[in-house]
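Please treat every number below as a calculation from the coordinates, not as lab data. All values derive from a computational prediction rather than experimental measurement. Cβ: placed from backbone, ideal geometry, glycine included. Neighbour counts: every protein chain shown.
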Amino acid sequence: MTAQPTANQPFAALSPESIRRFAESIAGEIILPDDQRYQKARRVWNHAVDKHPAMIARCANADDVRCAIEFARDAELLIAVRSGGHSFAGYGVCDGGIVIDLSLIKLATIDPVHQRITIGGGVAAVVLDCLAQAFKMAVPLGSCMTIGVSGYALGGGESSLTPKFGYGCDRIRRVEVVTADGRVLSARDGENDDLFWAMRGAGANFGVATALEFRLHPIEKVLSGHLRYPIRQARKVLRFLDEYTRSISDDLFIIAAVLPHPGERMLDVAVVWPDEEKKDERALRPLRKFLKPFEDTVQTRDYLDEQRAGSDSPADGDYSSVSVGRGLLRRDAPTLYRKSVCKRPRR
Ligand SMILES: Cc1cc2nc3c(=O)[nH]c(=O)nc-3n(C[C@H](O)[C@H](O)[C@H](O)COP(=O)(O)OP(=O)(O)OC[C@H]3O[C@@H](n4cnc5c(N)ncnc54)[C@H](O)[C@@H]3O)c2cc1C
């Protein structure tokens, strides 16, 4: 599709009659370019992405999604699917096509006895976290509370709980999927196995997930916080981490990032340990003592407070980070150091 929609004519192939029929067939709503909400509704998290869809269909349920897919197929429109809109690449919007916006599909139900939670395709991470934490449980979710859970988990989903509980996609028990040919399928172990396998990691390519069921894990407190060092000490700290990470529990999540700091930049070492017992504090002691950071915020806190501390974006967008895995630093320490510390990332 190459033509651009305009306020009066959303897209050449769309007749007003077909648009009206589609709008009347769904429980949700449509937004066209002449709607005053259009400019806001077409925006995604990455503001560098500036695309103009012919239509945004805010679907309220799986049947709406099916209707939107059929409508797009009949009109030969491109489709972009959007949950939380946080794709860095801006996959939640397209030029000249239809955005299937799931943000109205917000239902979330929890079964604390069987440790399960089911969410709609438009549920944000903050909602799942708050609901699960009401029962002192969690699904491994990322560091940004406004992310769509489905976009996060269907693409893998790395969390500070991943070392202990796995990736977001590992915790999916069942998915309700609307496929490109308009079928609404359930996929889980023993039911549409291939689809279930594919949805957990490459889900965005196989259909629209309108509901996801996750396994929950009990968790209430974590030992977590940040150790912050002047940038000139980064090499020393990274070399220490190389040795240290080989001696500690696999459950520890640790990530080193170069972040903005007034006047220069700093090395930020973030740790999250899902078990907050005294022995873990002892295990963290060598890291906290070997070189005094200018800031040490590590303490036992509620898991939800740790999640809330995650931000939507770094203050000025000047950000680069490297995950610290066992053995990774030893192999690549000088490279990582050069990449993440010496070479200023492009804005
Ligand atoms: C500030 C920030 C912090 C982040 N932190 C983390 C992190 O800690 N861990 C991590 O793993 N990732 C992280 N990410 C990456 C994030 O998880 C991915 O960009 C994810 O795809 C965003 O999901 P979304 O639903 O918000 O985005 P969207 O743009 O809505 O969707 C992203 C992709 O998934 C598809 N999709 C979304 N929902 C569905 C659905 N229901 N059915 C089928 N396809 C769907 C979309 O079509 C698109 O291709 C972060 C991103 C940002 C911007």
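A straight chain from Ala180 to Phe294 at 0.36 nm per residue would run longer than the Cα-Cα distance by 35.7 nm.
Which residues does a label at Glu70 reach in the stretch 21-54, if reach means a backbone N under 18 Å from a point 7 Å past the Cα toward the Cβ? Answer for the stretch 21-54: 21-30. May I ask you to derive the relative contact order of the stretch 18-137, considering only C-alpha pairs under 8 Å and at least 6 residues apart, and to give it as an integer percent? Reported as a whole number, the value is 23 percent. Subtracting the Cα-Cα distance of Arg215 and Glu264 from 0.36 nm times their residue separation leaves 13.3 nm of extension gain. Taking the dipole about the Cα centre of the stretch 17-101, with the C-beta of Lys and Arg at +1 and of Asp and Glu at -1, give me whichever of Gly92, Ala62, Ile79 is farthest to the positive side. In the stretch 17-101, that residue is Gly92. The label-point distance for Asp189 and Phe88, in a model that sets each label 7 Å from Cα toward Cβ, rounds to 3.3 nm. Of the peptides 196-202, 295-301, the order by per-residue mean of other Cβ atoms within 10 Å, starting with the highest, comes out as 196-202, 295-301.
Normalising the average separation of contacting C-alpha pairs (under 8 angstrom, six or more residues apart) by the number of residues puts the relative contact order of the stretch 221-309 at 51 percent. Residues in the stretch 58-79, backbone N under 13 Å from the label point at Asp35 (7 Å along the Cα-to-beta-carbon vector): list them, ranges by number please. Only 58-60 fall inside the zone, counting backbone N under 13 Å. Dipole magnitude for the stretch 108-218: about 300 debye, using +1 per Lys or Arg Cβ and -1 per Asp or Glu Cβ, origin at the Cα centre.
With a ≥ b ≥ c taken as the square roots of the eigenvalues of the C-alpha gyration tensor of the stretch 221-309, please select rounded if a/c is under 1.5 and otherwise prolate if a/b is larger than b/c or oblate if it is not? It comes out oblate by the Cα gyration axes.
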